[in-house]
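The values are calculated or read from the model by the stated rules, or taken from the named source; none is laboratory data. In this text, all values refer to a predicted model and were calculated from it rather than measured experimentally. Cβ placement follows ideal geometry from the backbone for every residue including glycine, while neighbour counts extend to all protein chains displayed.
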Amino acid sequence: MEISVLGTGLPRGIAFRNPPLSSSNSSASPSAIRTVRFQCSSSIALTGETARTNDGELPSGRTTIEVQRRTAKISTERQAAIIEVHQSSDLDSTLARVGEMLKVQDLNAILRNFGQLNRLQDIPQLFIWMQENRKLNASSYVSFIRFMGNNLDASKVVEMYNSIQDEAAKTNVYLCNSVLSFLIRKGKFGSSIKLFKKMKDDGLIPDVVTYSTLLAGCIKIKDGYSKALELIQDLQLKRLRMDDVIYGAILAVCASNCKWEEAEFYFNQMKDEGLSPNQYHYSSLLNAYSVCGDSKKADELVQDMKSAGLVPNKVILTTLLKVYVRGGLFEKSRELLTELESLGYAEDEMPYCLLMDGLAKAGQLQEAKQLFDEMRKKHVRSDGYAHSIMISAFCRNKLFDEAKLLANDFEATFHKYDLVMMNNMLCAYCRAGEMESVMQTLRKMDGLAISPDYNTFHILIRYFSKEKMYLLAYRTMNDMHGKGYQPLEELCSSLMSDLGKVKAYQEAFSVYNILRYGKRTMCKAIHEKILHILLAGRLLKDAYVVVKDNAEFISRPAIKRFAAAFMKVGNINMINDVLKTLHGCGHKLDKDLFHTAVSRYIDQPEKKDLLLQLLQWMPSQGYVVDSSTRNLILKNSHLFGRQLVAEVLSRQHMKLKAQNSP
DNA sequence: ATTCTAGTGG
């Protein structure tokens, strides 16, 4: 059974990978014919009699002869071994038995066939055997990455690439391109650039495909345009010519970075160089026009394209719709949507979503809802985006019950979730006050291993705060911070106050620190705010840190409150430090502070050294104790050594006289 | 023999 599947599977594979080779195309290039020849030989090697009887699938006579000659070269044992591996139910033992006989290209052919048949268990098993037995080349890696695709982890692929010993494979441009492309598909643009540099150091000579691969990565990153320019520069330095795919990529980068003028520039430049724009180029330029909502330019471009003999396809017309929507031309958008419907281009939700979202954001929520209902009545295929748009639109317009109903409907209808959808639903449930649903959604996220992002955390912290669950809000914020997200200052500030109100002083201080160590600039009033909270909680050591670091932003009365509190109940070992610091910050210390400090020392005579230090320091800064404090000291001078006390006090007295005499 | 370019949601 599998043999016949293979026999028809391969030629289809060729047609898919190499569109110009389809049977309708009579002008295949010599190199293209080579491609066919090779594919057919492996097809026959794998299929034996079956494919040969199927003459209709084979190309011209000359090629057929070529195929027969090649087939003859393959020993019957090898053919048998290939078939055996392919049909094996226990790959490892089969390979152990007959693997020796197989050549790398045989194994590669089997690997590709496994890929085309989507035999996802067998691919890695065969590949690992090939690795362990060193029977693989660049092509093997390429096929492995291509067919395992989404099932591979980015870091694993990098690891695999780094562990390649074979120098030729390691700098093989196809293999490098395919690794880079894989990383970019996984959203790891940074890693791909890093790896690209390393590959070049190791001897890779990049080609235009390498550059179009990397350029494609610039589409989805911030500041992608300047990164793209660097790549273009690099490419020109290497004397590589920009081809149509490169132009397609840079146009897409321009569009996604809101650079419609630059897009126009590249579009004209490619025409000047004699390249004819295709649907990709037109659609990217159109997309660039959608940024500025310039429907006039867009209409002209579509005309231009038609005169060039191109028929606007689904993507072009959908992008045109996007331009109209961005331009606020809802009448025209409606008409175009109807046209899309009649062309069969509105079978899934995308064009509806574009218009719906545009309407909702333009304040026409009712019209958006009508379109949503209309879309559902027509049973338009949906992955839930339409729901997502309407839920967030309802939330924006504070129609939380409607949002909640739609979130419920989503859960009942769809069973595929992503982070954005989860955030949307959380937002709806939170704003509608549905605690049970909130918790359920969180559990669901956990189960699906969808990790929360910045928005998720913000939604939750706001909600928990609103419900007066401040400690939960605090724990959530801590979690957020631990995951590397910096919460908004206003959110921190209000949570800090709320925590203070429920006497969670330590937690309030943690929130303050999250803010303080995360941001360079913050509202100056926040320091005084946390100071009051810390004083209320008698967290004087922490309060001292705040005062010391931010004295310039704290009002005089607040500093005084802090000083008084610290003298009264702060750590006795730090009293002198605190006084010196406050003085150093330009705050004049009043007599009551010294009185309280001295009383503390008298209560704990073992700290006599600190008292003497204080009394010695005072006159050097122009301070003297008042008479009641002086009497207090004298009364207790036996505790500290009469002689010493007398000396320091007389020094203060002389200072006082010196101050008063002129 | 293998690598690359276009349109949605917070």
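Give segment A:259-294 a look and list any residue that's on the phi < 0 side of the Ramachandran plot, within 29 Å of the chain's Cα centre (by Cα) and in a loop (DSSP other than H, G, I, E, B), or say none.
Passing the criteria: only A:Lys259.
What number of residues within segment A:643-659 are among the charged types (D, E, K, R) and without any contact (Cβ under 8 Å) to a residue 12 or more places away in the chain?
Result for segment A:643-659: 2.
Restricting to segment A:249-266, what's the tally of residues that are more than 9 Å from DNA strand B (Cβ to nearest atom), within 17 Å of A:Val323 (Cα to Cα) and either of a type in the set (S, T, N, Q) or touching a residue at least 12 places away in the same chain (Cβ under 8 Å) (or both)?
So the count comes out to 7.
Please verify whether A:Arg396 is of a type outside the set (A, V, I, L, M) and either under 24 Å from the mean Cα position of the chain (by Cα) or near DNA strand B (Cβ under 10 Å from one of its atoms) (or both), treating the condition exactly as stated.
Answer is yes for this residue.
Across segment A:134-189, what is the total count of residues that are within 11 Å of DNA strand B (Cβ to nearest atom), more than 21 Å from A:Gly217 (Cα to Cα) and either within 27 Å of the chain's Cα centre (by Cα) or surrounded by fewer than 17 Cβ atoms within 10 Å (Cβ to Cβ) (or both)?
Total satisfying the criteria: 2.
Tell me yes or no: at least one residue of segment A:561-571 is more than 22 Å from A:Leu632 (Cα to Cα) and under 52 Å from the mean Cα position of the chain (by Cα).
yes
Just name the residue that is farthest from DNA strand B (Cβ to nearest atom) out of those in segment A:467-492 that are at pLDDT 95 or above and basic (Lys, Arg).
Taking the candidates together, the pick is A:Lys468.
Among what's in segment A:197-248 and is aromatic (Phe, Trp, Tyr) and within 26 Å of the chain's Cα centre (by Cα), pick the residue that is farthest from DNA strand B (Cβ to nearest atom). Full working, then the answer.
Filtering segment A:197-248 down to residues aromatic (Phe, Trp, Tyr) leaves A:211, A:225, A:247.
The next check asks that each one be within 26 Å of the chain's Cα centre (by Cα); those that pass are A:211, A:225.
Numbers: A:Tyr211: 8, A:Tyr225: 14 Å.
Among them, the one singled out is A:Tyr225.
Limited to segment A:233-260, what total is found for residues that are closer than 30 Å to A:Ala169 by Cα and crowded, with 20+ Cβ neighbours inside 10 Å?
Number satisfying all stated conditions: 7.
Here are the criteria: (1) on the phi > 0 side of the Ramachandran plot; (2) surrounded by 18 or more Cβ atoms within 10 Å (Cβ to Cβ). Tell me which single one A:Leu215 does not satisfy.
(1)
Could you figure out which of (1) surrounded by fewer than 19 Cβ atoms within 10 Å (Cβ to Cβ); (2) part of a helix (DSSP H, G or I); (3) small (Gly, Ala, Ser) isn't true of A:Gly586?
(2)
Listed residues A:Arg443, A:Arg475; which is farther than 24 Å from A:Met522 by Cβ, of a type outside the set (Phe, Trp, Tyr) and surrounded by fewer than 17 Cβ atoms within 10 Å (Cβ to Cβ)? Even if it seems obvious, please write down each step before you answer.
Details: A:Arg475 fails: farther than 24 Å from A:Met522 by Cβ.
So the residue among A:Arg443, A:Arg475 that is farther than 24 Å from A:Met522 by Cβ, of a type outside the set (Phe, Trp, Tyr) and surrounded by fewer than 17 Cβ atoms within 10 Å (Cβ to Cβ) is A:Arg443.
Among the numbered criteria (1) more than 13 Å from DNA strand B (Cβ to nearest atom); (2) aromatic (Phe, Trp, Tyr); (3) under 24 Å from A:Asp498 (Cα atoms), which single criterion is violated by A:Tyr454?
(1)
Can A:Val648 be described as modelled with pLDDT under 90, surrounded by 13 or more Cβ atoms within 10 Å (Cβ to Cβ), among the β-branched types (Val, Ile, Thr) and in contact with a Leu (Cβ under 9 Å, 6 or more places away or on another chain)?
Criteria met by A:Val648.
Counting only residues that are basic (Lys, Arg) and in contact (Cβ under 8 Å) with a residue 12 or more places away in the chain, which one in segment A:98-133 is nearest to A:Arg146 (Cα to Cα)?
A:Arg112
Count, please, the residues in segment A:533-544 that happen to be assigned to a helix (DSSP H, G or I) and either crowded, with 16+ Cβ neighbours inside 10 Å or among the hydroxyl-bearing types (Ser, Thr, Tyr) (or both).
Final tally of qualifying residues: 7.
Looking at segment A:369-393, which of its residues are part of a helix (DSSP H, G or I) and within 11 Å of DNA strand B (Cβ to nearest atom)?
Matches in segment A:369-393: A:Tyr385, A:Ala386, A:His387, A:Ser388, A:Ile389, A:Met390, A:Ile391, A:Ser392, A:Ala393.
List pairs: first residue in segment A:407-433 and among the acidic types (Asp, Glu), second residue surrounded by 20 or more Cβ atoms within 10 Å (Cβ to Cβ) and in a helix (DSSP H, G or I) anywhere in the structure, Cβ distance under 8 angstrom, at least six positions apart or on different chains.
So the pair list comes out as A:Asp409/A:His387; A:Glu411/A:Met425.
When you scan segment A:485-526, how many residues do you find that are of a type in the set (A, V, I, L, M) and not in a helix (DSSP H, G or I)?
Final tally of qualifying residues: 4.
Please go through segment A:270-295 and pick out each residue that is among the polar types (S, T, N, Q) and either buried (at least 23 other Cβ atoms within 10 Å of the Cβ) or near DNA strand B (Cβ under 8 Å from one of its atoms) (or both).
Residues of segment A:270-295 among the polar types (S, T, N, Q): A:276, A:278-279, A:283-284, A:287, A:290, A:295.
Correct list: A:Asn278, A:Gln279, A:Ser283, A:Ser284, A:Asn287, A:Ser290.
Those residues that are part of a helix (DSSP H, G or I) and in contact (Cβ under 8 Å) with a residue 24 or more places away in the chain, I need them from segment A:235-248; list them, please.
A:Leu235, A:Asp244, A:Val245, A:Ile246, A:Tyr247, A:Gly248
Suppose the filter is buried (at least 17 other Cβ atoms within 10 Å of the Cβ) and either over 21 Å from A:Ser256 (Cβ atoms) or assigned by TED's automatic domain parsing to the domain that holds A:Lys378 (or both); does A:Leu321 pass it?
Taking the combined requirement at face value, the residue does not satisfy it.
Which of the residues belonging to segment A:598-635 are surrounded by 18 or more Cβ atoms within 10 Å (Cβ to Cβ) and assigned to a loop (DSSP other than H, G, I, E, B)?
A:Tyr623, A:Val624, A:Val625
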